[in-house]
Amino acid sequence: MIENGRPGDQSPFIGARAAHYLLPGFLHIGEATTITTILGSCVAVCIWDASRRTGGMNHFLLPRGTASRGLEGRFGEQAIPHLLKQLVESGAERGRLQAKVFGGACVNAAFQRPDHLGLKNAQAALQFLAVAGVRVVSQDVGGTRGRKLLFHTDDGTAFVKYL
């Protein structure tokens, strides 16, 4: 699935953007960067400021928890505020931020139930963003398949390939 893409648009793999692979539990911000990650039950929140042409992504593993210093990115309740803080400190205006949320699948049949971890992660991300006042303009969450995600920080486009 391609989100916000149009026929004839430049391939998400070619361009003048810097490239960054995002590991679970981390975040990355930048201007003109393609951030790539792989998601299963984890969730990635992509946030950008369209007028400043900057953005970032986090990749968290659990909705809530207590992390020691340096591991805040593992938990959505800490990862999302940390991403917002980093973006504002880099010059983004909080009132102009928009978000897209991806992931939250249940890829293991043995764990499929109505309250699986992926669903909890996705719900937590949406809740934290609502409390923070950040508008979610798109989401692709749930299901039973993992996702490869590419996010362009300068224009907010996201490309998803189901695995």
Kindly indicate whether any position in the range 64-77 is part of a loop (DSSP other than H, G, I, E, B), within 18 Å of Val136 (Cβ to Cβ), open to solvent by 50 Å² or more (accessible area, probe 1.4 Å) and among the charged types (D, E, K, R).
-> no
Tell me which of these Leu83 doesn't satisfy, since it passes every other one: (1) open to solvent by less than 10 Å² (accessible area, probe 1.4 Å); (2) in contact with a Lys or Arg (Cβ under 9 Å, 6 or more places away or on another chain); (3) of a type in the set (A, V, I, L, M, F, W, C); (4) not in a loop (DSSP other than H, G, I, E, B).
-> (2)
Within the range 16-53, how many residues turn out to be more than 12 Å from Phe151 (Cβ to Cβ), surrounded by fewer than 21 Cβ atoms within 10 Å (Cβ to Cβ) and of a type in the set (S, T, N, Q)?
-> 1
Confirm whether Gln139 is crowded, with 19+ Cβ neighbours inside 10 Å and without any contact (Cβ under 8 Å) to a residue 60 or more places away in the chain.
-> yes
Restricting the search to the range 129-163, which residues are over 17 Å from Arg96 (Cα atoms) and outside any strand (DSSP E or B)?
-> Gly142, Gly143, Thr144, Arg145, Gly146, Leu163
When you look at Ala105, is it of a type outside the set (Asp, Glu), in a loop (DSSP other than H, G, I, E, B) and buried (at least 21 other Cβ atoms within 10 Å of the Cβ), yes or no?
-> yes
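The values are calculated or read from the model by the stated rules, or taken from the named source; none is laboratory data. Source: prediction; values computed, not measured. Here the Cβ is made from the backbone with ideal geometry for all residues, glycine too, and neighbour counts use every protein chain on show. Surface accessibility is based on the protein's heavy atoms, side chains included, excluding ligands, DNA and RNA. Shrake-Rupley method; radii C 1.70, N 1.55, O 1.52, S 1.80 Å.
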